[in-house]
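Report on one structure; see the data block that follows.
Nothing in this text is a laboratory measurement; each read-out follows from the coordinates by a stated rule. Note that the structure is predicted; figures quoted are calculated from it, not measured. FYI the Cβ positions are ideal-geometry reconstructions off the backbone, even for glycines, and counts take in every protein chain you see.
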Amino acid sequence: MEARAIQRTVRQSARKMRLVIDLIRGRGVAEADAILRFSKKRAAKQIHKVLRSAVANAQQAAQRQNAPFDADQLRVKYAVVNEGATLKRFTAAAMGRATPIKKRTSHVEIHVASDAVPAPAVKAAPATATEAKPKKQAAASRKKTQKKTKKASK
């Protein structure tokens, strides 16, 4: 099960938010939730909202597909903060001038996916006896090729 959540135009710079998003990338949802809840950064509150939304979206998708859902099995698969639109303002400066102020925004995107590992594939036995070489034959053929390569290199 995979789900995503996006929050656009968060009123904080992407550079500051990336410091927090780097802490949770690749972690389990429960661990990421604890990190964000106890972080002192202001960006953690906004990112925590997006994470909870992604988990809720995964739960809704599981209900629609009538599949079992366990939030503890989810991991933060993809977490990124991109730059949003910059609000341009001006303030008064000395001698009647104006200086620009850039109020930066950012877009937060988080994807969560279930941690369930598929069962490893079992190798099928060879269908005929010719496909399966005995160990002695394989070793003998390796020795022959090694001798040929030594002669060729001389």
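Simple point charges give the picture: +1 on the Cβ of Lys and Arg, -1 on the Cβ of Asp and Glu, and for the stretch 2-114 a dipole about the Cα centre of about 880 debye. Taking the number of Cβ atoms within 10 Å of each Cβ as an exposure proxy, the fewest-first ranking of Thr105, Thr86 is Thr86, Thr105.
Remark: C-alpha extents of the stretch 2-114 on the principal axes read 68, 27, 16 Å, sorted largest to smallest.
Whole-Hz Karplus values for the stretch 97-111 come out as 8, 10, 10, x, 10, 9, 9, 7, 10, 8, 10, 10, 10, 10, 10 Hz, taken residue by residue from phi with 6.51 cos²θ - 1.76 cosθ + 1.60 and θ = phi - 60°; glycine and proline positions read x. Couplings 3J(HN,Hα) of the stretch 77-83, computed from phi: 7, 9, 9, 8, 10, 10, 6 Hz, in residue order, whole Hz [Karplus 6.51 cos²θ - 1.76 cosθ + 1.60, θ = phi - 60°; x for Gly and Pro].
Placing unit charges on each Cβ (+1 for Lys and Arg, -1 for Asp and Glu) gives the stretch 2-114 a dipole about its Cα centre, and among Val76, Ala113, Thr9 the Cα reaching farthest toward its positive end belongs to Thr9.
For Arg27, the residues whose amide H sits under 5 Å from its own are Val76, ignoring neighbours fewer than 5 places away on the same chain, with H placed 1.01 Å from N. For the stretch 2-114, relative contact order (Cα pairs under 8 Å, six or more residues apart, normalised by length) works out to 43 percent. Using θ = phi - 60° in the Karplus curve 6.51 cos²θ - 1.76 cosθ + 1.60, the 3J(HN,Hα) couplings for the stretch 64-72 round to 5, 8, 6, 10, x, 10, 9, 5, 6 Hz; x is entered for Gly and Pro.
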